[in-house]
Structures are given as C-alpha cells and as structure tokens.
Ligand SMILES: [Zn+2]
C-alpha cells in the first residue's frame, strides 16, 4: 500500500457537488485513490510521502479533452500563416505537409515532448483525436504515466485530403468494404488496449471529421459504440471548407449530418463546433452532445466560439482542450474566458468559476466519469499542485481567479496520476526532460528539412542570417 499526504494552502474540493476552495488543507492518497480531504491533519498517514506546499493550490488534474500529440512540429511554422482562400485554415496545406514528412520514429520523439509538457503543466488526462500511431501511443502513455484516451484515425478516406492550388480540396473516399478497414482496426485496438495499464489507457471510436466519413461508416460507428461502450470523438463544424463540402454533398449543415447518422449524444465529444449555427447549437444541447473547446488554435486564425457562455447557457457540456502548442490548459482557460467576453461584449461572460469547471468536471462528464476531474474521497488520485507564491501569482485573494487570469503551466510544481507522482517539486520522474527536448528538436528539424516549399508556405517572421 502506498500513501501520499499533501499539506497545502488551498485545495479545490467539492461540497454538495459544487466546487469549493478549502483553506489550510490536507489531501490524503492511498494507492490510486483520494482517501482524505479536510482541514485537520489525518491519522494513518504517518509513513506517507509528505508533499508540504505552504503556498500550494491543490487542484483536480486538468483534463485536456482534445489534443494532437504531434502539435509541437507546427510550432513556429503555422502561426501568422494559413490558406487565405480557405478562410485561413491550415489543415489542407500546412498540416498535410507536416504529416507527409513525418516518420513514425520522429512522431514518437515529438509525442514524448507533448507528454512531458502535459505533466509539467498539471494535465493528468488527455484525449487524442485522430491518432495516427495508436499502438505506439498506448506504449508511450503507459511509460509516461498519464491517463490517456486514444481515438485511432478512422475514416473512409483514400489518402490525406489535400489542396493542389490553395483553393480547392481533394477528398477521395474508399469504396465498398474498403471503406470500413480503418474502423475494423479501431475495433481491434479497443479490444487490445482499452482498460490496460491499470485502466489508465482507454480507446474511443474516432471518426476523423464529417468530410472524411461517409454516412455508411458513421452509422456503423454508432452501432459499434453499443457493442464496445466507449465514447465517440470527432471534429465537427471546424472549418468553412468542411461546411461547404457537407452542404454540397448532403444538402445540410455538419451537425445535422452527424445527427442523421447517429453521431450525437452524451457519449459523443465533438471538437470545436465554432462554425455551428444557432439551430445546430440547439441540436447539440437537445442531444446532450459534449463539446471540446480549444480556443487558442482558432484565435491565432482570427476565429472564436460565439460564445462559450452562450453554449453553456444553452445547456451544452463544454470541456477544454489544447489542440495545439503549448499544451497549456491554464492558458487555454484564460483565452477561453477572454474570447467569450469579446464575443458577448460583456465582462460577465465565462467567469473563472465556469472555466475551472470546464477544465475539470465538464471534461470528466464528457468522458462519462465521476471519478476524475474532482478532489473528493473515493475519486482517482489525479491531482496537480500550483505554486501560488510566484511573481505572477501573488497576492492570492481568490486562487481560482488568479490561476486563470495570471497563472501559467510553469507554476505547476507537482503532478499525480492514479496515485503515482509523475512530477515532484518540478522534477519530472517518468520522463527524461533534457533527452526528450533534444530528441524532439532534432526530429522536427528533420521533418521541416523534407518540406520543399517550407519557407514559401511559412516565411520567417524576421530573417535569420
Ligand atoms: Zn483536432
């Protein structure tokens, strides 16, 4: 039996199912579960590992509801850039260039950097959409200690969609039985990896995005969800190109296309939905479909959700995802609150109490879990500790508001997943930080060197001589 006792200034716990901050608090952990939360020092933890954090803020481990493990390869490549005639999207020229130039071995080095960054930033659960190397992903998640959901790439596509001219997209589908090959593989992966590594690894059904999935495939995904009882994760209402394609092919808007083919409901997480119209938003609410909101990746393209507050007022369960670099959920919470205020032209929009809930409890709800995203007795010991005595965090009248308005992932000192300490006092235990950074640097430089029109696609901001 292993025990940990955390003594800290503040703990974000729960009272009557509502989040509340406990001052001068203790959190006890036994094996993989939280076994004590309170103001009094508990007995029975005399031999426990003590994490004494006089200015620490203990929060539920953050749930990154949507990310891509290869995102760091786009760092410094796709900001300030995009395909003008495609509403600024980077999907069909920029990301296609990166994907085509990346080997499995290089991806692995970059994915390790992503996991390192997550551990350093207090993320304890991560949900990867459209995973190209799911077997490797299960292996890496197993090694690094994070709790991870893997959505293997599943679609009816024949190759990557791409744009030959920066204006049109070529999307080719496989026919007949071939259309279901990736879905069959998705099912094999569920059988092989779901529930492995002490149940830290889960596998979802992962149809990529509406234009990539023919109706026959989506209907089969819905059938299989009943067989496997796993969530369905998918991109939706993400780009103008997607909207036009679905309208032209099927005569309706994206969310209605998904509705018609069964891909809505409490077991479905749709990433983005920023292009959804009011009718589609109402449909999301009526069907209790979850949304993964990833504000930064849209803001850098000049786009934003209208608005996070509006979505939650409609009754939609919204969690937060990073989807890009840096994998910093604290930054995402700040951008989400800021953009909701801009969208509504109202300072009361998407306050701190909503954002912290989105990044913890709502993420857990989207995954149909009540044992993560919260600090209460009986829950999984998935916890982050933030140092609130740093130049950007003092003074601390309101720790939740200060965390969201001023914090960064660098303020996180400790990360615990399933009762195991992955980072203690800023020392990462499950990943060799220096080695991973160096390997990722070499891997990405090699990938970029293979893109012939690199500097044309993405001119340097300031020339390097
Ligand atoms: Zn995505």
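Rule-based calculations on the coordinates, nothing more; no lab input. For clarity, every value in this text was computed on a predicted model and none was experimentally measured. Using ideal geometry, Cβ is built from the backbone for each residue, glycine included, and neighbour counts are taken over all protein chains shown.
Contact order, relative form, for the stretch 365-465: 18 percent (alpha carbon pairs under 8 Å, 6 or more residues apart, mean separation divided by residue count).
Compute the FRET efficiency between residue 424 and residue 370 as 1/(1 + (r/R0)^6), taking r as their Cβ-Cβ distance and R0 = 35 Å, and round to the nearest 0.05. E between residue 424 and residue 370, to the nearest 0.05, is 0.80. Relative to the longest principal axis of the Cα atoms of the chain, helix 104-120 runs at roughly 40 degrees. Helix 215-228 versus the longest principal axis of the chain: what angle, 0 to 90°, nearest 10, using Cα atoms? With both axes taken from Cα atoms, the answer is about 30 degrees. Taking the average, over residues, of other Cβ atoms within 10 Å as the packing measure, peptides 15-24, 242-251 rank 242-251, 15-24 from highest down. The shape of the stretch 345-402 comes out oblate: with a ≥ b ≥ c from the C-alpha gyration tensor, a/c is at least 1.5 while a/b does not beat b/c.
Looking at the square roots a ≥ b ≥ c of the eigenvalues of the Cα gyration tensor of the stretch 62-366, which shape do they give, rounded for a/c under 1.5, prolate if a/b is larger than b/c, or oblate? Rounded, since a/c falls under 1.5.
Helical content of the chain, expressed as a calculated mean residue ellipticity at 222 nm, amounts to -9500 deg cm²/dmol (DSSP H runs of 4 or more residues, -39,500 (n - 2.57) each, divided by residue number, nearest 500). In this rough spin-label picture, where each label sits 7 Å from Cα along the Cβ direction, the residue 87-residue 432 distance is 4.6 nm. With both labels modelled 7 Å from their Cα along Cα-to-Cβ, the residue 33 to residue 441 distance reads 4.5 nm.
Seen against the Cα atoms of the chain and their longest principal axis, helix 134-144 is set at about 20 degrees.
In percent, rounded to a whole number, the relative contact order of the stretch 62-366 is 18, using alpha-carbon pairs under 8 Å and six or more apart. To the nearest 0.05, what FRET efficiency results for residue 75 and residue 139 with a Förster distance of 30 Å applied to their C-beta separation? That gives a FRET efficiency of 0.80.
Of the residues 107, 448, the one with the fewest other Cβ atoms within 10 Å heads the list, and the complete ranking is 448, 107. Judged by the ratio a/c of the largest to the smallest principal axis of the C-alpha gyration tensor, the stretch 280-427 counts as oblate, that ratio being 1.5 or greater while a/b is no larger than b/c.
Would any residue of the stretch 170-186 have its amide N under 17 Å from a label point 7 Å out along Cα→Cβ of residue 227? List them or say none. Once the point is set 7 Å along Cα→Cβ of residue 227, 177-186 turn out to lie under 17 Å by backbone N, inside the stretch 170-186.
Full extension of the chain between residue 175 and residue 16 gives 52.0 nm of extra length, using 0.36 nm per residue less the Cα-Cα distance. Sorting 221, 394 by the number of Cβ atoms found within 10 Å of their own Cβ, with the fewest placed first, yields 394, 221.
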